[in-house]
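Reading through the structure tokens given below for one structure.
The values are calculated or read from the model by the stated rules, or taken from the named source; none is laboratory data. This structure is a prediction, so every number in the text was calculated from the model and none was measured. Every residue, glycine among them, receives a Cβ derived from its backbone with ideal geometry; neighbour counts consider all protein chains shown.
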Amino acid sequence: MVKVKNFRGGVHPEYNKHITGDKPIKVLPAPNEVVIPLAQHAGAPAEPLVTKGDSVLVGQEIGRSAGTISAAVHASVSGTVVAVEPRQSINGREVLSVVIENDGQDAKVPMAGHPDPIQLSSGEIRQRIEAAGIVGLGGAAFPTAAKVNPPQGCKIEYLLINGSECEPYLTADQKLMEEYTEDVILGAKLLAKACGAEKIIIAVEANKPEALRKMRALAGSNAIEVVALVVKYPAGGEKQLIKAVLNREVPEHGLPAQCGVLVNNVGTAWAVAKACKHGQPLIERVITVTGDGIKEPANYLVRIGTPFRDIIDAAGGFAGEPGKVIAGGPMMGLAQFDLNVPIVKGVAGILVLSNKVTKEFDPMPCIKCARCVDVCPVYLMPVTIEKFAMNAMWDEAEDYGAMDCIECGCCTYICPSKRALLSWIRLAKTEIAELQRRQTS
Amino acid sequence: MEDSRLVLSPSPHIRDEDTTEKIMLTVVAALVPVWAAATYFFGFNSVRLVLVSILVAVGSEALFLAIRRKPITIWDGSALVTGMLLGLSLPPSLPTWMAILGSFIAIVIGKQVFGGLGANPFNPALVGRAVLVASFTSQMTTWTMPFTDAVTSATPLVSGQVSYAELFFGTVPGSLGETSALAILLGGVFLFYRGVLDYRIPVGFLGTVAVLSFVFGQDVAYQLLSGSLLFGAVFMATDMVTSPITPVGRWIFGIGCGLVLVLIRFWGSLPEGLTYSILLMNAFTPLINRWTRPRIYGQGVKQA
């Protein structure tokens, strides 16, 4: 029995990875129309470079990065821009988006590849990452170019490649590691070079033996360590991963770089490899379409901007009456009400729960069982913060660490009284942030 | 274009199977071997007192929820647990009306006046028992021999009269559910296995009593097995609502219970140590929670 890397806290939901775990990645044909939001990432939205009526090619930059924390956006199909207007996005808001009608030609802009990308200098790699509009594909969508350029005085010792995929149901990263092993490892090396990391550690949850085996087979000779992680949500949370693998902690309100670590998702590594090898910007990603509410669950390689509806149709449509359509996994994903929303860079899957398994809960009184305290992976007292939030005691909520909450949802998941702990903590975070903003301005 | 079939709610979208009702029923299940042992040793008195306590507890819960114009939530099992715990802590020969009074006080004064489930600072069953001990001291400290109705005047807390085996299996005079260490441990292990019992409280409690008994030259095994200690440490002190929520806090709580119990047993003149030790520590629970906040991830970490 190989020892797995563990961390304190976390929960064991039903993983349901068997639904799509053995399904190879299928390439989904580009849809007739893509909707590409200019804000798919953390930070400032990109500035539009096209207007209605323009012809665009695959890979053409259609939104320019608007600052240090921002990312470029590219056309994922060739065709005509039919609109540049606010469109519904997965976060519930309308976001300025470029709508492109696909001409079916798949005509690409010239892309400058490199036969041996590992020869590129760290500056050149960073430049390519930036030009390709790469953001973290694990969910937070933080611009990668900004991430690999750590603040002054921070020396990066370790690059952690996050292949944990701890969200239940999702298997996109697993299939990527199994089928594009070489590119993931190349991407890891390029990222390490870009940020100056001395060592690469690839961490994979122990429930993906095939991915672990393939990564180990290819990494062995290259001084890259592949470690097995405990099968527990949120093993792939950045802070939990660093704690589990290196037994280090990110300073409170600080960055991983401040403890000498940089974490990147396997999907991000793959995107970096493609940007450096082929000069291809981030215009497609692997997603999992799954859940009991979908007829033919599958793993797809899809173009960014493909509407949910097209993907659900491709997967055979709904099985029975749908209850919830979720962008992402069941623990942190966002419930959707409009199936015209597009896949964006940070979405790893579409989960459809049928109305049979979609439940709504009536909270009961808290019995102080303290399970939320036991499972919190950042060691908060969720029940106490909830109580403060319910009484609008924002100072106290802040004192008890509300702003340290990573919104993993373990507290709400485990609560036997079905209380909406995380929702109250989110409210506290919003109020505290507003108070802080008012104090500084 | 909205799809009206789709439910919108914040993450997480899945929940653990366990519920508060299930937790309460797990405690009830853990008390079944204890009640069975009590019925084996004390016969009809065990059925009489425990059933009456349960019925009165659930009944007064329903009555006071109705008076408070709250939904009647008696099916959550919490009043059932309180009734069972109180009933099992009574001496076999206690008159029925005293059990009725104790159970009524447990639910009404111990729980409902504070706002019901989850809001009570003190363990309701112990509140009921404390009132009975203070009001009817002689009846509450009169125990009968198992398998007979013969009253024994001797307090069971005199070392040397009974063997460890008798104490372990429970063939000694005592309150209904408190004589059989075996049945209590069975229930405790079940609770621990089901994730309903935090080991820190009983271990801290019993460990403190054991260490101090040894230090003060007492018979350690006798101190642990006699009286209501084991029953209280496993079923009463571990009440979730009235014990601390932090891991360190639960250690302090358990150890504190042990300290107070030893003080009362060795030097006090009270007829009852267990009840007061836990109730006193219940009062400290909010303070303990405040003093034992866990260090938050990343706090105190130097920036490299």
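For residues that are touching a Cys at 6+ places or on another chain (Cβ under 6 Å) and over 17 Å from A:A370 (Cα atoms), tally how many sit in the stretch A:416-441.
Residues flagged as touching a Cys at 6+ places or on another chain (Cβ under 6 Å) and over 17 Å from A:A370 (Cα atoms) within the stretch A:416-441 amount to 0.
For (1) of a type outside the set (D, E, K, R); (2) within 14 Å of chain A (Cβ to nearest Cβ); (3) without any contact (Cβ under 8 Å) to a residue 24 or more places away in the chain, each residue gets a yes or a no:
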position: B:L63; (1), (2), (3): yes, no, yes
position: B:I72; (1), (2), (3): yes, yes, yes
position: B:G87; (1), (2), (3): yes, no, no
position: B:M98; (1), (2), (3): yes, no, no
position: B:S103; (1), (2), (3): yes, no, no
position: B:Q112; (1), (2), (3): yes, yes, no
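Do we have any residue at all in the stretch A:427-434 that's modelled with pLDDT of 95 or more, within 12 Å of chain B (Cβ to nearest Cβ), farther than 24 Å from A:E14 by Cβ and under 24 Å from the mean Cα position of the chain (by Cα)?
Yes, the conditions are met somewhere in the stretch A:427-434.
Mind listing whichever residues of the stretch A:208-257 are under 21 Å from A:D22 (Cβ atoms), in a helix (DSSP H, G or I) and either within 12 Å of another protein chain (Cβ to nearest Cβ) or within 20 Å of the chain's Cα centre (by Cα) (or both)?
Scanning the stretch A:208-257 gives a single hit, A:A211.
What pairs come out if I take residues in the stretch A:142-167 that are within 14 Å of chain B (Cβ to nearest Cβ) and pair them with residues that are among the charged types (D, E, K, R) whose C-beta lies under 8 Å away, six or more apart or interchain?
From the stretch A:142-167, the pairs are A:I156/A:E198; A:E157/A:E198; A:E157/A:K199; A:Y158/A:E198; A:Y158/A:K199; A:C166/A:E205; A:C166/A:K232.
Cβ-Cβ under 8 Å, sequence separation 6+ or interchain: first residue in the stretch A:20-35 and over 14 Å from A:A315 (Cα atoms) and at pLDDT 95 or above, partner surrounded by fewer than 23 Cβ atoms within 10 Å (Cβ to Cβ) and among the hydrophobic types (A, V, I, L, M, F, W, C). Which pairs?
A:E33/A:V82; A:E33/A:V99; A:V34/A:V99; A:V35/A:V99
The conditions are (1) facing chain A (nearest Cβ under 8 Å); (2) over 18 Å from A:T384 (Cα atoms); (3) crowded, with 17+ Cβ neighbours inside 10 Å, and B:M240 fails exactly one of them. Which is it?
Just one mismatch for B:M240, condition (2).
Working only within the stretch A:399-418, note down all residues that are closer than 22 Å to B:R290 by Cα and outside any helix (DSSP H, G or I).
A:Y400, A:G401, A:C405, A:C415
Select from the stretch A:286-335 the residues that are assigned to a strand (DSSP E or B), in contact with a Leu (Cβ under 6 Å, 6 or more places away or on another chain) and away from every other protein chain (no Cβ under 14 Å) and list them in ascending order.
Scanning the stretch A:286-335 gives A:V286, A:T288, A:Y300, A:V302.
For the condition on the phi > 0 side of the Ramachandran plot and within 14 Å of chain A (Cβ to nearest Cβ), what is the one hit in B:G249, B:G298, B:G227, B:G217?
B:G298
Tally time: how many residues in the stretch A:149-166 are at pLDDT below 90 and either under 21 Å from A:G346 (Cα atoms) or not assigned by TED's automatic domain parsing to the domain that holds A:L186 (or both)?
Of the residues in that region, 1 qualify.
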